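The structure appears right after this line, and notes come after that.
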Amino acid sequence: MKKVLVIDDEPVSCQFLQLLLKENKYEVVIAKNASAGIKAAGETFPDIIICDVLLPEIDGFEVIKRIQKNPFTRNIPFIFISAFKTELDDIRKAMELGADDYLLKPLKPDEVLKSVEVRLKKFEKISKSQPQSGKKNGKDTHSQKHNEKSKWVLIRGGNIELINTEKIMYLISEADYTKVFTEDGKKHTVSRLLKNWEEILPPHNFLRIHRSIIINLDFVKRIEKWFNNTYRIYILNIPEPLTVSRRYVQKVKSYFLELPN
């Protein structure tokens with residue numbers, strides 16, 4: 001049975017989540033303030049945390065910071081919940097801190113259950129593909145997950161959008177801007193250097209293949225040998241290939257077990 005830690009000072013919200021999650025076969029631990037929540041995370045090792053942003057002592061943003069300082073809890077999937085009137089800057093801050101989702105109150109049962117289920121399945125998939133670095137009190141430490149999380153980024157352009165990094169196919173640098181291509185066929189121009197993208201993109205998914213190109217490995221269709229001992233990479237549904245520069249050939253080879261000679 002998966003364990004969910006709920007950190008919320010609102011009795012109605014706690015009762016709603018406790019009943020909903022228990023009815024759906026989850027074990028639930030309730031913490032009614034930030035201190036109790038941080039302590040419970042370190043003692044009970046939940047499989048996922050649901051935390052209110054507005055708490056009386058310290059806010060939810062500080063809670064996730066402190067939980068992530070503990071190597072045994074820092075990578076537990078984390079979902080924020082908050083009042084209906086939420087600023088985009090708050091959502092952006094939550095995602096930059098490593099939150100997996102951000103749900104608005106009043107909470108909807110289907111939305112909560114879907115979010116929890118998706119995050120747990122994703123973490124389970126990642127855990128199976130990554131070696132475990134250790135256990136504490138018989139529990140997984142979640143210590144491999146910090147760099148494997150998908151993240152959300154705030155795109156400011158003609159429209160303000162939140163985009164999951166899993167949806168980004170590749171990025172191309174143009175001077176002080178980056179063009180971000182997503183799987184829905186959209187192209188976003190963002191005022192951010194490519195090196196800054198490298199700092200926030202999950203490294204298990206994204207690979208720099210050129211000084212001006214980063215690709216999402218999940219969208220690679222095929223790789224073919226090119227001249228001067230380099231390669232061309234074809235991205236799903238994109239007819240024109242992207243060229244690997246000689247500087248990044250060895251790095252690309254390290255990501256693939258076998259490449260054409």
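The values are calculated or read from the model by the stated rules, or taken from the named source; none is laboratory data. This structure is a prediction, so every number in the text was calculated from the model and none was measured. Quick reminder, even Gly has a Cβ in these numbers, built from the backbone with ideal geometry, and neighbours come from all protein chains shown.
Condition test on I49, is it within 22 Å of Q18 (Cβ to Cβ) and at pLDDT 95 or above?
Here the answer is yes, as I49 does meet what is asked.
What number of residues within segment 224-234 satisfy the criterion of being among the β-branched types (V, I, T) and crowded, with 20+ Cβ neighbours inside 10 Å?
1
In segment 167-216, what residues are within 14 Å of L236 (Cα to Cα), in contact with a strand residue (DSSP E or B) (Cβ under 8 Å, 6 or more places away or on another chain) and either among the charged types (D, E, K, R) or part of a helix (DSSP H, G or I) (or both)?
K167, E183
Report yes if N216 is among the polar types (S, T, N, Q), within 15 Å of K167 (Cα to Cα) and modelled with pLDDT of 90 or more, otherwise no.
yes
Please identify the pairs in which a residue from segment 174-185 that is of a type in the set (S, T, Y) has its Cβ atom under 6 Å from the Cβ atom of a residue that is part of a strand (DSSP E or B) and surrounded by 10 or more Cβ atoms within 10 Å (Cβ to Cβ), counting only partners at least 6 apart or on another chain.
The qualifying pairs are Y177/T189; T178/L171; T178/V190; T182/I168.
What are the residue pairs meeting all of these: first residue in segment 206-217, first residue surrounded by fewer than 19 Cβ atoms within 10 Å (Cβ to Cβ), second residue part of a strand (DSSP E or B) and of a type in the set (S, T, Y), Cβ atoms under 7 Å, and 6 or more apart or on different chains?
S212/S173
Pull out all pairs, ordered by first then second residue, where Cβ-Cβ is under 7 Å, the residues are six or more apart or on different chains, the first lies in segment 94-109 and is surrounded by fewer than 22 Cβ atoms within 10 Å (Cβ to Cβ), and the second is at pLDDT 90 or above and acidic (D, E).
From segment 94-109, the pairs are L103/E111.
Taking helices (runs of 4 or more DSSP H) that fall entirely within segment 1-90, which contain at least 3 residues that are buried (at least 20 other Cβ atoms within 10 Å of the Cβ) and out of contact with any Lys or Arg (no Cβ under 6 Å at 6 or more places or on another chain)?
34-44, 60-69
Does at least one position in segment 121-143 carry a residue that is modelled with pLDDT of 90 or more, surrounded by 14 or more Cβ atoms within 10 Å (Cβ to Cβ) and over 19 Å from F16 (Cβ atoms)?
no
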